[in-house]
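The values are calculated or read from the model by the stated rules, or taken from the named source; none is laboratory data. The structure presented is a predicted model; accordingly, all values stated were derived computationally and were not measured. Virtual Cβ from ideal backbone geometry, glycine too; neighbours counted across all protein chains shown. Side chains are part of the model used for accessible areas, which takes the heavy atoms of the whole protein and leaves out ligands, DNA and RNA. Shrake-Rupley method; radii C 1.70, N 1.55, O 1.52, S 1.80 Å.
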Amino acid sequence: MASERTFIAIKPDGVQRGLIGEILGRFERKGFKLVGLKQLTPSRELAEQHYGVHKERPFFAGLVDFITSGPVVAMVWEGDGVIASARKLIGATKPLEAEPGTIRGDLAINIGRNVIHGSDAPETAQFEIGLWFQASELSDWTPSDQGWRTE
Ligand code: YYY
Ligand code: MG
């Protein structure tokens, strides 16, 4: 499994509810590597580009209102298979259908307040990382215990 990068964002509900540490910890404990992290309140333009694939959907305007309503914690995580693995850690879009043990399954109830975003494929990961981060904001580094995470 090749090493890859994915874009993860803790949405305004997760930040307001004090869940940043809880969510970051799950990715850290899994063993993935954090290569970018910042908190910002996204502009409407950024939110509309990020969710552009949904622009014809009835929930689009409300989704953009929500995601721009306060600070978001934007992150890039790296590791073998991290794109699909992060989606598993996050759980189903509807939190009541998300398995216990997943972030949404454990921490959320409502689809419109599902606390976290994760890229769904290699192409979207590349697009979203480029949309939210400058290359200079991402760190190339090797954790000192890397040999204990992967063979
Ligand atoms: O990738 P993921 O976040 O799991 O779901 P998407 O189908 O891409 O939808 C993005 C986002 O839109 C979802 O996390 C909540 C919101 N949303 C909604 O509010 N109502 C819907 N019926 C579908 C999605
Ligand atoms: Mg999606």
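Table: residues versus (1) farther than 23 Å from Gly105 by Cα; (2) out of contact with any Pro (no Cβ under 6 Å at 6 or more places or on another chain); (3) open to solvent by 80 Å² or more (accessible area, probe 1.4 Å).
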position	(1), (2), (3)
Ile10	no, yes, no
Leu24	no, yes, no
Phe27	no, yes, no
Leu37	yes, yes, yes
Pro42	yes, yes, no
Glu45	yes, yes, yes
Glu56	yes, yes, yes
Pro71	no, yes, no
Among (1) within 15 Å of ligand 2 (Cβ to nearest atom); (2) open to solvent by less than 90 Å² (accessible area, probe 1.4 Å); (3) of a type in the set (D, E, K, R), Glu123 falls short only on (2)
If you scan the range 127-145, which residues turn out to be out of contact with any Leu (no Cβ under 9 Å at 6 or more places or on another chain) and within 12 Å of Glu78 (Cα to Cα)?
-> Leu138, Asp140, Trp141, Thr142, Pro143
Could you look through the range 92-112, keep only residues that are more than 9 Å from ligand 1 (Cβ to nearest atom) and closer than 16 Å to Pro12 by Cβ, and pick out the one that is surrounded by the fewest Cβ atoms within 10 Å (Cβ to Cβ)?
-> Ile109
